[in-house]
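Participant: Next up is a structure, given as structure tokens.
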Amino acid sequence: MRDMNFLTENNARSIWHPMAHPAEMQANPPRVIMKGEGVTVTDIDGRSVLDAVGGLWNVNLGYSSDPVKEAIARQLAELPYYSGFRGTSTGPSIELAYELAEFFAPEGMVRSFFTSGGSDSVESALRLARQYWKIKGEADRTKFLALKKGYHGTHFGGASVNGNANFRRNYEPLLPGCFHIPAPWTYRNPFDETDPAKLAKLCIRALEDEIAFQGGDTIAAFIMEPVLGAGGVIVPHETFMPMLREVLDRHGILLIADEVVTGFGRTGAWSGSRLWGVKPDMMTIAKAITSGYFPLGATLISQKVADVFEADRTSFGAIGHGYTYSGHPVGCAAGLAALAETKRLNLAGNAAARGEELAAVLADLKARFDVVGDVRSKGLMAALELVSDRASKKPLDKKVMAAVADGAYEAGIMIRVSGNNIILSPPLVITSADVATIADGLAAGLSKA
């Protein structure tokens, strides 16, 4: 690698960063992260901070999981790559698909379609949903329903079912046939309802109204995050997803659970679907499948869906979709090691315990700082929504949000800013002491507001 002066001088000059304005990055170059160890990262200036972002929701095992690193090295030495297209496979992909079916048996998942990441997994699920209905002879079922504030990646399909204008407006027109209902978000919703159980029922009523308007026999699938992540960690009432499942079943609509963030323990359960006691028809996973050590994802498929495809004897059952790196042997080797460590360390249990401590910390910060309008969390998914006025709920402006993030960084923690939300998604291996460090860093950042 070239020296530090070169990296500093060329920061943001030859690269466009995701989810950022190129001109802004050039005017205010981003932090350059050079090293990760345990739950901390170190920047180019030698400053080490606790990573309360967990990479991007995904470094569940922290940065020092030797079993995953060793598995990657071994596989690189044996077979660095081979295609998973028709006619060939690799040992790690076969083994990981088996292990995922075992791990997600409570959700009813029996097959894996491997991808390169979360957006790929969502795109695959949407395609397979439409194909499922063509095989079934119901070709009119092409539409998708989703939640406002939901996030489902960056491909055109995923962007079309996204429920946040920030990820849609600059790329419209998007995929036709995608419709949205209000999210069960008690802090901001069109019903002015703050009771989570009542709000869940109102949102379900809106769902039933939309299905009646569109025609249930034209809808292929509903996609949702069991806990909404990038939209601001919106935690539905425990009745919401089971009620939604019942409505969809009544109309024969498939349920796709987007578990890219919630899979592998982050909510305090091994999946968001398991948290709410629901069995989806498909699940999308990525991120923590390798703890971020290698790009990998999968669309998981239920027995009901698998049976339709595997019993078909027409051209409609052939999957004309896939990626060069589907089932990448190095990624699958990393996935096998990460899954073993995830289970061995009982990351879901630690996320639940540390999540309770973090929730208490956030409640205290809300009591101390008027700028905190709302706090939301489940396990080690958390958000603080910052406002300039609690009565009007006016969002805090961008410059002040940046000052809060800078203040927290100076105090020793990395946080993520999304609109007027501070998003927290630390590694699932954090300790009680780490939670206290996060609390202190947040307090320092909030004092800047």
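Participant: Work out the length of the dipole vector of segment 306-433 about its Cα centre, built from +1 on the beta-carbon of each Lys and Arg and -1 on the beta-carbon of each Asp and Glu, and round it to the nearest 20 debye.
Facilitator: Values: 14 positive and 14 negative charges, 35 e Å.
About 180 debye.
Participant: Then there's this: Determine the share of segment 95-227's accessible area contributed by carbon and sulfur atoms, expressed in whole percent, with a 1.4 angstrom probe.
Facilitator: Reported share for carbon and sulfur atoms: 49 percent.
Participant: Which is farthest toward the positive dipole end of the chain among MET19, ALA363, ILE181, measuring Cα position about the Cα centre, with Cβ charges +1 (Lys, Arg) and -1 (Asp, Glu)?
Facilitator: ILE181
Participant: Amide H neighbours of CYS178 under 5 Å, at least 5 residues apart or on other chains, H built in the peptide plane: list them.
Facilitator: Distant-sequence amide H within range of CYS178: PHE144.
Participant: Select from SER160, TYR82, LEU275 the residue farthest towards the positive end of the dipole of the chain; place +1 on Cβ of Lys and Arg, -1 on Cβ of Asp and Glu, and compute about the Cα centre.
Facilitator: Of the options given, the answer is SER160.
Participant: Would you kindly state how much longer the chain becomes between ALA391 and ALA433 on full extension, computed as 0.36 nm times their sequence separation minus their alpha carbon distance, in nm to one decimal? Please list the in-between numbers first.
Facilitator: On the way: separation 42, 0.36 × 42 = 15.12 nm, distance 3.44 nm.
Stretched out fully, the ALA391 to ALA433 stretch lengthens by 11.7 nm.
Participant: Then there is this: Report the calculated FRET efficiency for ASP312 and VAL32 (r = Cβ-Cβ distance, R0 = 56 Å), to the nearest 0.05.
Facilitator: Here the calculated transfer efficiency is 0.65.
Participant: Non-local amide H neighbours of GLY62 (under 5 Å, H modeled in plane, Pro and chain starts lacking H): which ones?
Facilitator: LEU428, VAL429
Participant: Any chance you could run the full-extension gain for ALA139 through ARG368? It's 0.36 nm times the residue separation minus the Cα-Cα distance, nm to one decimal.
Facilitator: This chain segment gains 76.8 nm when fully extended.
Participant: Which loop trypsin sites (Lys or Arg not before Pro) in segment 9-66, with loop taken from DSSP, have no more than 15 other Cβ atoms within 10 angstrom of their Cβ?
Facilitator: ARG13, ARG31, ARG47
Participant: Which distance in nm do the two modelled labels at ARG47 and LEU7 give, with both placed 7 Å along the Cα-to-Cβ direction?
Facilitator: Label-label distance for ARG47 and LEU7, simple model: 1.5 nm.
Participant: Right, here's the next one. Could you size up the charge dipole of segment 213-329 around its Cα centre, putting +1 on the beta carbon of Lys and Arg and -1 on that of Asp and Glu, and report it in debye to the nearest 20? Show your work: numbers first, answer last.
Facilitator: On the way: 8 positive and 11 negative charges, 50 e Å.
That gives a dipole near 240 debye.
Participant: While we're on this one: Residues with beta-carbon under 12 Å from that of PHE294, excluding PHE294: net charge, scoring Lys, Arg +1 and Asp, Glu -1?
Facilitator: Counting the neighbours of PHE294, the net charge comes to +2.
Participant: Follow-up. Where in segment 129-164 are there trypsin sites (Lys or Arg not before Pro) that are in a DSSP coil and have at most 14 other Cβ atoms within 10 angstrom of their Cβ?
Facilitator: Counting only loop positions with at most 14 other Cβ atoms within 10 Å, the trypsin sites (Lys or Arg not before Pro) in segment 129-164 are LYS136.
Participant: Let me ask another. About its Cα centre, how strong a charge dipole does the chain have in debye, to the nearest 20, once Lys and Arg get +1 and Asp and Glu get -1 at the Cβ? Kindly include the intermediate steps, with their values, before the conclusion.
Facilitator: Details: 45 positive and 49 negative charges, 117 e Å.
Here the chain has a charge dipole of around 560 debye.
Participant: Can you work out the accessible area per residue across the chain, with the rest of the protein chains kept in place, probe 1.4 Å, in square angstrom?
Facilitator: Details: 19540 Å² over 449 residues.
Normalised by residue count, the accessible surface of the chain is 44 Å².
Participant: Continuing with the same structure: By the scheme Lys and Arg +1, Asp and Glu -1, what is the net charge of all other residues having a beta-carbon under 11 Å from that of ILE415?
Facilitator: Charge balance near ILE415 sits at -1.
Participant: Using 16 Å as the cut-off for backbone N distance, which residues of segment 56-81 belong to the label zone defined by a point 7 Å from the Cα of LYS343 along Cα→Cβ?
Facilitator: Under 16 Å, as judged by backbone N against the label point of LYS343, lie 68 of segment 56-81.
Participant: Can you compute the modelled spin-label distance between THR88 and LEU56, with each label point 7 Å from Cα toward Cβ, in nm?
Facilitator: 2.9 nm
Participant: Could you tell me the center-to-center distance, by alpha carbons, between segment 75-151 and segment 19-64 in angstrom?
Facilitator: So the two Cα centres are separated by 30 Å.
Participant: At what distance in nm do the modelled label points of VAL417 and ALA77 sit from each other, each positioned 7 Å from its Cα along Cα→Cβ?
Facilitator: Going by the 7 Å Cα→Cβ label model, 4.6 nm.
Participant: So which helices of the chain fit the span-like rule, where a helix is a whole DSSP H run, its Cα atoms reach 30 Å or more along the axis, and its mean Kyte-Doolittle is at least -0.5?
Facilitator: 347-368
The values are calculated or read from the model by the stated rules, or taken from the named source; none is laboratory data. Keep in mind that this is a model prediction, so the values were computed, not measured. Methodologically, a virtual Cβ is constructed for each residue, glycine included, from the backbone with ideal geometry; neighbour enumeration extends over all protein chains shown. For the accessible areas, the whole protein counts, side chains as well, though only heavy atoms, and no ligand, DNA or RNA atoms are used. Shrake-Rupley method; radii C 1.70, N 1.55, O 1.52, S 1.80 Å.
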